[in-house]
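The values are calculated or read from the model by the stated rules, or taken from the named source; none is laboratory data. Quick caveat, the model's predicted, so the values are computed rather than measured. Here Cβ is always computed from backbone atoms with ideal geometry, including for glycine, and neighbour counts include all displayed protein chains.
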Amino acid sequence: MKTSTVNISFPKELLDQIDETARKESRSRSELLREAARIYIDRKKRWDVIFQLAESAAKDSGLTGKDVDKEIASYRKDKTR
């Protein structure tokens, strides 16, 4: 696999946490950040599928965004009681 080097800026506190985690897991900063990027991309793809399925189900049911908003508001109101 071909690799490319990139420069990324992190706040010091976040970089310290990254380095501490990498050290605890006995791996390099690069390995940790590659895994974090893969996990983020995978999670994003899964959420995209979920939203596509929800949009399709809403369309098939004739629901609008306003209908969904009303249902969420009603659920939240009932939950706080």
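The table below gives the values:
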{"read-out": "Counted residues, region 35-81 - those being farther than 30 Å from Ala22 by Cβ and either among the acidic types (Asp, Glu) or in contact with a Phe, Trp or Tyr (Cβ under 8 Å, 6 or more places away or on another chain) (or both)", "value": "6"}
{"read-out": "Region 65-81, residues that are farther than 18 Å from Gln52 by Cα and charged (D, E, K, R)", "value": "Lys70, Glu71, Arg76, Lys77, Asp78, Lys79, Arg81"}
{"read-out": "Residue within region 58-81 that is free of Cβ contacts under 8 Å to residues at least 40 places away in the same chain and within 20 Å of the chain's Cα centre (by Cα) present", "value": "no"}
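Quick grid of which residues meet (1) modelled with pLDDT under 90; (2) outside any helix (DSSP H, G or I); (3) exposed (fewer than 11 other Cβ atoms within 10 Å of the Cβ):
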residue: Glu20; (1), (2), (3): no, no, yes
residue: Glu31; (1), (2), (3): no, no, no
residue: Arg34; (1), (2), (3): no, no, no
residue: Lys45; (1), (2), (3): no, no, yes
residue: Ala54; (1), (2), (3): yes, no, no
residue: Leu63; (1), (2), (3): yes, yes, no
